[in-house]
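These notes concern the structure reproduced below.
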Amino acid sequence: MSAKYAALGMLRDGPAYSYELSARIEELLGPGYEIGSGQMSQILRELHKAEKVKTIGEPSRDKRIVYAITEKGDADFEEFFKSGANVARLFRRTLLVKIALAGPERLGEVLTQIDTYEENCTERMQDLAEERDKLLPDDQPRPRVDLALKRLGIEADIFQLRAELAWTRHAREIVSRLLHSDALWPASTDRSSLSDEPSHARRDEARHAIFKRLAERNRGD
């Protein structure tokens, strides 16, 4: 939804082709709004079908199509801009789906994926912090609007990643507690009946795997 209106808003400043529009949006709003040229092309085709953008001239030799906003598209952007307060949207985590559906026999594997996700969040946050620090600080006497907006977008991503790290650590505590206790599992999540191996043996194997990984981590520290 936001990508569509970002495209319309950018086209109000002048015509552009798909790749150029993607680059302009990311430059203004930061890495969180990285949109591939293929995805942007699909957005523009949908907007064109809805008569909110139009093509200008013929495609270039490399088949690039230049788009411009129409009156209908301009009105749609104005309606979006003047609409009521934004609604907070909850984040759907792929990792949470894996945790919920892992069952007792795969908790050790889930913990490994939690570790990987935490490392990825940390690295991504560090990269964003470096990119933010290259921009002008917030307290400039005469701040550049484009840099201030890009900094704001990067900081939004950093704040989100900080929250993800906090949630990830909490998720590790919960999963570890389930792994190391005699938790009561609903019948639908206990897949031991599908295997000849007893559930307690599979749980012990998972525990052994996590203890081994923790020991290796401690040796590394």
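Of the residues in region 50-62, not one is touching a residue at least 12 places away in the same chain (Cβ under 8 Å), among the hydrophobic types (A, V, I, L, M, F, W, C) and closer than 27 Å to LEU152 by Cα.
Can you find, within region 22-47, the residue that is modelled with the lowest pLDDT among those that are in contact with a Phe, Trp or Tyr (Cβ under 8 Å, 6 or more places away or on another chain) and farther than 15 Å from LEU11 by Cβ? In this case the residue turns out to be SER37.
Counting only helices (runs of 4 or more DSSP H) that sit wholly inside region 1-53, those with at least 3 residues that are more than 21 Å from ALA75 (Cα to Cα) are 18-29, 37-49. Of all residues in region 65-112, how many are assigned to a helix (DSSP H, G or I) and more than 30 Å from ALA50 (Cβ to Cβ)? Number of matching residues: 17.
The values are calculated or read from the model by the stated rules, or taken from the named source; none is laboratory data. Keep in mind that what you see is a predicted model, and the values were worked out from it rather than measured. Using ideal geometry, Cβ is built from the backbone for each residue, glycine included, and neighbour counts are taken over all protein chains shown.
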